[in-house]
Amino acid sequence: MIVQTINEHQFREEFREMGRGEQFSFEGLGLLFAYLEQVSDACEQPYELDVIGLCCDFAESTPEEIARDYAIDIDEVTWYLHQNSVIVGETDEGTIVYRQF
């Protein structure tokens, strides 16, 4: 197996090349990249990039969209995500990057 280390710019390019460049915002992809690096370091295992898998496993949405999609009250979004998922981070625009469930 050959493992290649990529930087954040290359990570974003992989999404664009796979036709998934609009799946996450610029900042959202940065949060996802940092999260995956952190998990990889904690597990002491390299992460094998799977753009399509990431697009299936993670999402970026506004709190309003999450409340609508999961039929919960807007005030419960953060609590609900902490109980049922993983919050990767929140962008300056107010969207939340999280693991879908």
**Size of charge dipole - the chain - debye, nearest 20, with Cβ of Lys, Arg +1 and Asp, Glu -1, no other charges** = 240
**Prompt:** Ordered by residue, what ³J(HN,Hα) values in Hz, to whole numbers, does region 69-74 give under the Karplus form 6.51 cos²θ - 1.76 cosθ + 1.60, where θ = phi - 60° and Gly and Pro are x?
**Reply:** 5, 10, 6, 10, 6, 4
**Prompt:** Ignoring ligands, DNA and RNA, what percent of the accessible area of the chain is carbon or sulfur (1.4 Å)?
**Reply:** 46
**Message:** Restricting to Cα pairs below 8 Å that are 6+ residues apart, what does the relative contact order work out to for region 24-101? Please round to a whole percent.
**Reply:** 37
**For peptides 43-49, 64-70, sequence by mean Cβ density within 10 Å, most packed first** = 64-70, 43-49
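The values are calculated or read from the model by the stated rules, or taken from the named source; none is laboratory data. Just so we're clear, the structure is a prediction, and the values are computed from it rather than from any experiment. No Cβ is skipped: glycine too gets one built from the backbone with ideal geometry, and neighbour counts run over all protein chains shown. Only protein heavy atoms, including side chains, enter the accessible area calculation; ligands, DNA and RNA are left aside. Shrake-Rupley method; radii C 1.70, N 1.55, O 1.52, S 1.80 Å.
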